[in-house]
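J.: Handing you a structure now.
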Amino acid sequence: MGLIARGLEARGLPTVSISTVWDITLAVKPPRLCFIDFPIGCPIGKPGMPDLQRQILRAVFAQAHKFGGEWMLHELPFQWSENGNRAWEEELKDLYRLGLDTVAAHVADHSRRGEALLGQEDEFALRCNC
């Protein structure tokens, strides 16, 4: 995403990015970046917590005017866990494990009914309400 942000900026469109990985962030250096110490894949918070997600997005947009011409990184003050511990690493593994199992079971259910999903992903996303 950082490379896309650089391309958009080169064409005059300002961007603000959110990153959760220091190494990649420092290597790519997107033009305007907010860093948040959250798990990969969850830059705006936990699933099912829209209030927190809105708070994070508002914080990102509030930072937008603080960026200068040079590359800058602003660290956001949010913590994944209320007590600040890193137990979220195991919690994230469980979230992904549940998600992958759920998707696999869903696809298997359609296969048992003789419905192929391959090549029909767009139509499936629009009409499947299983």
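The values are calculated or read from the model by the stated rules, or taken from the named source; none is laboratory data. Predicted model only: the values in this text are computed from it and were never measured. Don't worry about glycine lacking a Cβ; one is built from the backbone with ideal geometry, like all the others, and counts go over all protein chains shown.
J.: Within segment 1-47, can you find the residues that are small (Gly, Ala, Ser), under 20 Å from Trp80 (Cα atoms) and at pLDDT 85 or above?
T.: Those that are small (Gly, Ala, Ser), under 20 Å from Trp80 (Cα atoms) and at pLDDT 85 or above: Ser17, Ser19, Gly45.
J.: Continuing with this model, one more query. Of the residues Lys46, Lys29, Lys66, only one is at positive phi and of a type in the set (D, E, K, R); which?
T.: Lys29
J.: Suppose we filter segment 60-79 for residues that are part of a helix (DSSP H, G or I) and crowded, with 16+ Cβ neighbours inside 10 Å; how many remain?
T.: Summing the residues that are part of a helix (DSSP H, G or I) and crowded, with 16+ Cβ neighbours inside 10 Å in segment 60-79 gives 2.
J.: Does Ala64 satisfy being modelled with pLDDT of 85 or more and in contact with a Pro (Cβ under 9 Å, 6 or more places away or on another chain)?
T.: No: the conditions fail for Ala64.
J.: Please state which one of Leu57, Leu117 is at pLDDT 70 or above and surrounded by 10 or more Cβ atoms within 10 Å (Cβ to Cβ).
T.: Checking each option against the conditions leaves just Leu57.
J.: Right, here's the next one. Select from segment 11-53 the residues that are surrounded by fewer than 18 Cβ atoms within 10 Å (Cβ to Cβ) and among the charged types (D, E, K, R) and list them in ascending order.
T.: Residues satisfying the conditions are Arg11, Asp23, Lys29, Asp37, Lys46, Asp51.
J.: Moving on. Kindly provide the set of residues from segment 1-27 that are under 17 Å from the mean Cα position of the chain (by Cα), over 16 Å from Leu76 (Cα atoms) and either in a helix (DSSP H, G or I) or among the charged types (D, E, K, R) (or both), ordered by number.
T.: Gly2, Leu3, Ile4, Ala5, Asp23, Ile24 - these are the residues of segment 1-27 that are under 17 Å from the mean Cα position of the chain (by Cα), over 16 Å from Leu76 (Cα atoms) and either in a helix (DSSP H, G or I) or among the charged types (D, E, K, R) (or both).
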